[in-house]
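Beneath this line is the structure, given in structure tokens, with notes to follow.
The values are calculated or read from the model by the stated rules, or taken from the named source; none is laboratory data. All figures in this text were calculated on a predicted structure; none of them were measured in a lab. Ideal geometry is used to build each Cβ from the backbone, glycine not excepted, and the neighbour counts take in all protein chains shown.
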2 protein chains.
Amino acid sequence: MKAVAMPTVSRVAVCGGTHGNELAGIYLVREMLKKRADGTEPVSVVTVMSNPRAAQLCVRYVETDLNRCFTRAALSAPVSETSPYEMVRSQELNALLGPKASMQAVDLLCDLHNTTANTGLCLITYSDRDWICLHICKHLQARTNTKMASTPVRYVHFDIPLNEAYSLDSVGKHGFAMEIGPQPHGVVRSVIFSAMQEGVQLMMDWICQFNSGTLFEGGWVDVYTMVKNIDYPRDSETHVITAAVHPDLQDRDFCLLHPGDPMFLCFSGETLRYRGKEALYPFFINEGAYYEKGVALSLARKRRVQIPSVRSETLR
Amino acid sequence: MKAVAMPTVSRVAVCGGTHGNELAGIYLVREMLKKRADGTEPVSVVTVMSNPRAAQLCVRYVETDLNRCFTRAALSAPVSETSPYEMVRSQELNALLGPKASMQAVDLLCDLHNTTANTGLCLITYSDRDWICLHICKHLQARTNTKMASTPVRYVHFDIPLNEAYSLDSVGKHGFAMEIGPQPHGVVRSVIFSAMQEGVQLMMDWICQFNSGTLFEGGWVDVYTMVKNIDYPRDSETHVITAAVHPDLQDRDFCLLHPGDPMFLCFSGETLRYRGKEALYPFFINEGAYYEKGVALSLARKRRVQIPSVRSETLR
């Protein structure tokens, strides 16, 4: 394949604390904010604490989940003094980093997240043909002899139109959530912090090389496309959950789940099995923040996507 | 040693949800509440959801930490409509299960807790010579061929006078927190739930046998007595933490920590070491709820305590 020429990635946003109890991103952003730009950086990076009130309280959100407030509808809704804090904040962030889907938006938005699920490092996007995001993923996967060498890196694709895309990373021209787990919410684990720090550094390395005119060879990347969510078994009257994720499934994110495999172990002792007809890849298994959303795990289909060689249109 | 004759353990309380986001205890109490007593039970068990409002919201507490509200001073403080919910609730629980240090108190109070630290199962008490608690610990340690066989069981002793003892379990004539980890707050993990369920069942088995006149042989139990807490390194101005627990220490609860061993890894990359003069046993390493309390880990001294054979005073 011929190399695809693409615009340089000149303006980058790194955001943390979009969920105020996901601490690796919060402490990484605080570290980055300590290092003031001196104007000699090859790339303009804006570092943002997305939800400072929630971070201050160490809660996911104050009034509503900020990372569901970036649909086109939410960003254009009128706000008043009685609007939830996060509805106001999403429009502030859109003004700062977007506007979404405009030429003024940052070129790349990396939003840092943590999960209680054993996901390793995932780049979560709304596109399976964003060559910039896919090349950054490939670059992270190729790292060796690094602290995060033992952390698997995967590309997750939510097949949702941009208008309906609800998360902060959808504001950039390119964007992804960098999601790393397992880490309890409200806790920072050193190995998770280091993996995130290194993930961001590798992303910046790729961007600098790309902007400098380096040709990045094409190849193949495995893409996990979200198919559906599965809720916990619940009491039909109280809606209280009646089972936990089965021990055989817990922590086995991205390990193929076959029809008939154990899925839940009821508190009463009964095993419930996966009743689907297709083997799929589970992820976000037992994520703490998703109990309230009715999601015990998500299921994805995996396929290999061929990506072209890329280089920047203009050399500096 | 001659067997010590002790009163039967006739009234037992099993409490969960003292912290509303520690889910194994909450779901275990809900399961127990489904099974109505039919009057034929050999022991009277009262099952209590300690902080239902916090459990409903899936937060540790609503206004103040309930499990710090059981000192004599807190239990005798006047309450009004403006008192924190948990101050009122602690007095309700004291009326139901106590009064603390009275003849009317339940014979044994088991309060179920979870921690993000890799503690295994701990019985946490205020006494290193409570033969009932120590024998129950020995009984749990002796279990074989059970689901929780891989879960270490330890006895932790907080050397605090009963008047100042601040936790719910101090309301019973005998009492302990049954603390199990690692489990993120706001998450229930099946293996942790099962270990807790089995721990409670083994405790009940011991009580039934004891009340039936079984002689329990004495022996030795390792007791970990809390010596001190260690806080995270913090910025001197903002008090924001500047380091995470070192990867070499993380998850190594109850593994001896020697002077000079790595303790923290700063976000800037620097390693900080344990500066104490005495090798001690760390526990509650990186417990999520203790960031706000200024505790990165606790340190304990271990010693072996000889316990006598016991039997109940009166046969039924």
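Rundown of residues vs (1) β-branched (Val, Ile, Thr); (2) within 16 Å of the chain's Cα centre (by Cα), yes/no style:
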| residue | (1), (2) |
| --- | --- |
| A:271 | yes, no |
| A:276 | no, no |
| A:279 | no, no |
| A:283 | no, yes |
| A:288 | no, yes |
| A:291 | no, no |
| A:297 | no, yes |
| A:302 | no, no |
| A:309 | no, no |
In the range A:166-193, anything within 17 Å of the chain's Cα centre (by Cα) and either part of a helix (DSSP H, G or I) or within 14 Å of chain B (Cβ to nearest Cβ) (or both) is listed as A:168, A:169, A:170, A:171, A:180, A:181, A:182, A:183, A:184, A:185, A:192, A:193
What pairs come up if the first residue lies in the range A:295-316 and is at pLDDT 95 or above, the second is β-branched (Val, Ile, Thr) and not in a strand (DSSP E or B), and their beta carbons are under 9 Å apart, counting only those six or more places apart or on different chains? A:296/A:285; A:297/A:285; A:298/A:285; A:310/A:132; A:311/A:214; A:312/A:8; A:312/A:9; A:312/A:214
Matching residues, the range B:21-41, being out of contact with any Phe, Trp or Tyr (no Cβ under 7 Å at 6 or more places or on another chain), surrounded by 18 or more Cβ atoms within 10 Å (Cβ to Cβ) and of a type in the set (Gly, Ala, Ser): B:25
Name the residues in the range B:80-109 that are within 20 Å of residue B:126 (Cα to Cα) and more than 21 Å from the chain's Cα centre (by Cα), would you? B:102, B:103, B:104
Conditions (1) farther than 26 Å from residue A:141 by Cα; (2) touching a residue at least 60 places away in the same chain (Cβ under 8 Å); (3) β-branched (Val, Ile, Thr): number failed by residue A:241: (2)
Would you be able to say whether some residue in the range A:207-230 is closer than 30 Å to residue B:285 by Cβ and in contact with an Asp or Glu (Cβ under 9 Å, 6 or more places away or on another chain)? no
One residue from B:47, B:8, B:18 being more than 19 Å from the chain's Cα centre (by Cα), modelled with pLDDT of 95 or more and surrounded by 17 or more Cβ atoms within 10 Å (Cβ to Cβ): B:8
Of the candidates B:193, B:210, the one satisfying the condition of being aromatic (Phe, Trp, Tyr), under 30 Å from residue A:116 (Cα atoms) and in contact with a strand residue (DSSP E or B) (Cβ under 7 Å, 6 or more places away or on another chain) is B:193
Only one residue in A:143, A:234 is in contact (Cβ under 8 Å) with a residue 24 or more places away in the chain and basic (Lys, Arg), so which one is that? A:143
State whether one or more residues within the range B:196-205 are away from chain A (no Cβ under 14 Å), without any contact (Cβ under 8 Å) to a residue 12 or more places away in the chain and either farther than 30 Å from residue B:247 by Cβ or not hydrophobic (A, V, I, L, M, F, W, C) (or both). no
Counting only residues in the range A:221-238 that are away from chain B (no Cβ under 14 Å) and among the β-branched types (Val, Ile, Thr), the one farthest from residue A:137 (Cα to Cα) is identified as A:230
For the range B:131-143, does any single residue satisfy the condition of being away from chain A (no Cβ under 11 Å), within 16 Å of the chain's Cα centre (by Cα), closer than 19 Å to residue B:229 by Cα and not polar (S, T, N, Q)? no
Tell me, yes or no, whether the range B:286-294 has at least one residue that is aliphatic (A, V, I, L, M), touching a residue at least 40 places away in the same chain (Cβ under 8 Å) and within 14 Å of another protein chain (Cβ to nearest Cβ). yes
Name the one entry in B:213, B:260 that is within 30 Å of residue B:312 (Cα to Cα), away from chain A (no Cβ under 14 Å) and not in a strand (DSSP E or B). B:213
Is there a residue in the range A:17-34 that is part of a loop (DSSP other than H, G, I, E, B), among the acidic types (Asp, Glu), farther than 17 Å from residue A:91 by Cα and free of Cβ contacts under 8 Å to residues at least 24 places away in the same chain? no
Per-region count, the range B:144-165, residues closer than 20 Å to residue B:129 by Cβ and either within 14 Å of chain A (Cβ to nearest Cβ) or surrounded by fewer than 18 Cβ atoms within 10 Å (Cβ to Cβ) (or both): 6
Residues of the range A:92-131 being surrounded by fewer than 21 Cβ atoms within 10 Å (Cβ to Cβ), among the hydrophobic types (A, V, I, L, M, F, W, C), in a loop (DSSP other than H, G, I, E, B) and on the phi < 0 side of the Ramachandran plot, in sequence order, are A:103
Go through (1) within 22 Å of the chain's Cα centre (by Cα); (2) in contact (Cβ under 8 Å) with a residue 40 or more places away in the chain one by one and return the number of the condition residue A:255 breaks. (2)
